[in-house]
Amino acid sequence: MPIVVLWHSDKVKRAVRGAVVLSLRQLAEHVLEESGRNVPHLTGTLERSGEASDDEAQGIAMVSYGSTGGRGAGAYAVKQHEDVTLRHPNGRTAKFLENAVKLVAPNMLAVIHGKVKKVFDG
């Protein structure tokens with residue numbers, strides 16, 4: 001008796017891609033949360049400008065600071081992030097985004113794996 005196997009590759013690809021994008025979105029939110037604990041906070045403008053976003057079509061997620069708040073906000077965010085000679089009160093630091101990524105990075109593959117595994121486990 002023949003065995004018939006139906007493989008719905010397009011459906012599987014869409015489901016896996018959706019799981020990966022969902023994972024990336026959640027990881028970006030986690031990086032935003034972690035970085036928000038250390039972002040310089042003189043007036044709170046930089047902290048409030050933080051956002052996590054994703055581009056499902058490209059399969060990427062991003063965290064950014066300074067994209068809101070008017071002219072020069074991006075340059076200000078870069079300066080605050082990169083200039084390690086600046087001193088920030090209350091334990092706030094330069095490299096706030098980079099350090100958050102380093103903190104979250106060890107769990108990234110596990111998060112993605114868990115979401116993709118659910119696609120196949122049903």
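When the stretch 24-60 is examined, which residues are found to be of a type in the set (D, E, K, R) and part of a helix (DSSP H, G or I)?
Narrowing the stretch 24-60 to residues of a type in the set (D, E, K, R): 25, 29, 33-34, 37, 47-48, 51, 54-56.
Arg25, Glu29, Glu33, Glu34, Glu47, Arg48 - these are the residues of the stretch 24-60 that are of a type in the set (D, E, K, R) and part of a helix (DSSP H, G or I).
Which one of these does Phe96 not meet: (1) over 11 Å from Asn38 (Cα atoms); (2) buried (at least 16 other Cβ atoms within 10 Å of the Cβ); (3) of a type in the set (Phe, Trp, Tyr)?
(1)
Only residues that are farther than 22 Å from Leu27 by Cβ and of a type in the set (S, T, N, Q): list them for the stretch 54-87, please.
Gln80, Thr85, listed by residue number.
Within the stretch 79-93, track down each residue that is surrounded by 14 or more Cβ atoms within 10 Å (Cβ to Cβ) and out of contact with any Pro (no Cβ under 6 Å at 6 or more places or on another chain).
Residues satisfying the conditions are Lys79, His81, Thr93.
Please state which of the following conditions Glu51 fails to meet, knowing it meets all the rest: (1) in contact (Cβ under 8 Å) with a residue 24 or more places away in the chain; (2) surrounded by fewer than 17 Cβ atoms within 10 Å (Cβ to Cβ); (3) among the acidic types (Asp, Glu); (4) within 14 Å of Glu29 (Cβ to Cβ).
For Glu51, the failing item is (1).
In the stretch 74-90, is there at least one residue being in a helix (DSSP H, G or I), of a type outside the set (Ser, Thr, Tyr), in contact with a Leu (Cβ under 8 Å, 6 or more places away or on another chain) and in contact (Cβ under 8 Å) with a residue 40 or more places away in the chain?
Yes, because at least one residue in the stretch 74-90 is in a helix (DSSP H, G or I), of a type outside the set (Ser, Thr, Tyr), in contact with a Leu (Cβ under 8 Å, 6 or more places away or on another chain) and in contact (Cβ under 8 Å) with a residue 40 or more places away in the chain.
Can you name the residue in the stretch 48-58 that is acidic (Asp, Glu) and modelled with pLDDT of 90 or more and, of all such residues, is farthest from the chain's Cα centre (by Cα)? Please lay out each step first, then the result.
If we filter the stretch 48-58 for residues that are acidic (Asp, Glu), which is where we start, we get 51, 54-56.
Cutting the leftovers down to modelled with pLDDT of 90 or more gives us 51, 54-55.
Details: Glu51: 9, Asp54: 8, Asp55: 11 Å.
Looking at the filtered set, the residue picked out is Asp55.
Kindly indicate the residue of the stretch 85-122 that is small (Gly, Ala, Ser) and within 28 Å of Val16 (Cα to Cα) and also farthest from the chain's Cα centre (by Cα) among those meeting that condition.
Taking the candidates together, the pick is Gly122.
Going through the stretch 59-73 one residue at a time, which ones are at pLDDT 80 or above and farther than 21 Å from Glu34 by Cβ?
Selection gives Gly59 alone.
The values are calculated or read from the model by the stated rules, or taken from the named source; none is laboratory data. From a predicted model like this one, the values you see are computed outputs, not experimental measurements. Note that each Cβ is placed from the backbone with ideal geometry, even for glycine, and that neighbours are counted across all protein chains shown.
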